[in-house]
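K.L.:
Below you'll find the structure I mean.
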Amino acid sequence: MVAETEAPKAAPARAPARVGRSVAGERWIARILRGGAVISGGMFLASLGLEALPQSQTVQVAIDTLRKGAASLLLVTPVARLVVAGAMLGLRGEWRYTLYAAGVLGLLALAVGAGISA
């Protein structure tokens with residue numbers, strides 16, 4: 001029997017810069033989504049806390065403002081995520097998906113503009 005000597009197979013080389021940027025982009029997206037949810041939740045909780053105060057015009061305005069702000073933040077957070085994802089894809093050189101993200105943002109802007117003028 002002849003012992004076969006095989007050279008160990010080399011692992012495929014990775015592009016560390018690309019992987020690092022990809023992970024950094026995902027972290028930014030996670031931070032944006034988490035931050036938006038936490039801040040919005042805090043605003044809702046603050047509005048609930050204001051319910052315990054004696055009712056006055058000022059308190060009612062503060063409650064209304066906090067709730068509208070929290071709801072608006074919940075709506076804007078995914079748009080911010082789309083902006084960051086499009087930018088990160090552009091930095092990675094994936095222009096096709098960057099154009100998709102820009103197209104979706106453009107359609108959102110068009111829809112908001114049409115809704116405001118209606």
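The values are calculated or read from the model by the stated rules, or taken from the named source; none is laboratory data. Being a predicted model, the structure only gives us computed values, none of them experimental. Quick reminder, even Gly has a Cβ in these numbers, built from the backbone with ideal geometry, and neighbours come from all protein chains shown.
K.L.:
Quick check on this structure: which one of Arg18, Arg27, Arg67 is in a helix (DSSP H, G or I), out of contact with any Cys (no Cβ under 8 Å at 6 or more places or on another chain), at pLDDT 90 or above and of a type in the set (Lys, Arg)?
P.N.:
Exactly one residue qualifies, and that residue is Arg67.
K.L.:
Given the conditions (1) under 18 Å from Ala30 (Cα atoms); (2) surrounded by fewer than 11 Cβ atoms within 10 Å (Cβ to Cβ), which single one is not true for Thr58?
P.N.:
Going through the list (1) under 18 Å from Ala30 (Cα atoms); (2) surrounded by fewer than 11 Cβ atoms within 10 Å (Cβ to Cβ), Thr58 breaks only (1).
K.L.:
Let me ask something else. Note down all Cβ pairs under 8 Å where the first residue falls in the range 42-58 and is modelled with pLDDT under 95, the second is part of a loop (DSSP other than H, G, I, E, B), and they're at least six residues apart or on different chains.
P.N.:
Close Cβ pairs (under 8 Å, with a partner that is part of a loop (DSSP other than H, G, I, E, B)) do not exist here.
K.L.:
Scan the range 70-79 and tell me whether some residue there is under 26 Å from Leu105 (Cα atoms), of a type in the set (S, T, N, Q) and in contact (Cβ under 8 Å) with a residue 12 or more places away in the chain.
P.N.:
Checked against the condition, which is being under 26 Å from Leu105 (Cα atoms), of a type in the set (S, T, N, Q) and in contact (Cβ under 8 Å) with a residue 12 or more places away in the chain, the range 70-79 yields at least one hit.
K.L.:
Consider Ala62 carefully, then state whether it is at pLDDT below 90 and either out of contact with any strand residue (DSSP E or B) (no Cβ under 7 Å at 6 or more places or on another chain) or in a helix (DSSP H, G or I) (or both).
P.N.:
No; evaluated as a whole, the condition is false for this residue.
K.L.:
For the range 70-90, check the following and say yes or no: at least one residue is closer than 21 Å to Val23 by Cβ and more than 14 Å from the chain's Cα centre (by Cα).
P.N.:
Yes, some residue in the range 70-90 is closer than 21 Å to Val23 by Cβ and more than 14 Å from the chain's Cα centre (by Cα).
K.L.:
I'd like the full set of residues that are modelled with pLDDT under 90 and assigned to a helix (DSSP H, G or I), limited to the range 91-107.
P.N.:
Answer for the range 91-107, where residues must be modelled with pLDDT under 90 and assigned to a helix (DSSP H, G or I): just Leu91.
K.L.:
Is there a residue in the range 100-113 that is among the β-branched types (Val, Ile, Thr), under 15 Å from the mean Cα position of the chain (by Cα) and exposed (fewer than 15 other Cβ atoms within 10 Å of the Cβ)?
P.N.:
Yes, some residue in the range 100-113 is among the β-branched types (Val, Ile, Thr), under 15 Å from the mean Cα position of the chain (by Cα) and exposed (fewer than 15 other Cβ atoms within 10 Å of the Cβ).
K.L.:
Related question: Give me the pairs, please: first residue somewhere in the range 92-103 and without any contact (Cβ under 8 Å) to a residue 60 or more places away in the chain, second residue anywhere and among the hydrophobic types (A, V, I, L, M, F, W, C) and in a helix (DSSP H, G or I), beta-carbon distance under 7 Å, and either six or more positions apart or on two chains.
P.N.:
Pairs found: Tyr97/Leu89; Thr98/Leu89; Ala101/Leu82; Ala101/Ala85; Ala101/Leu89.
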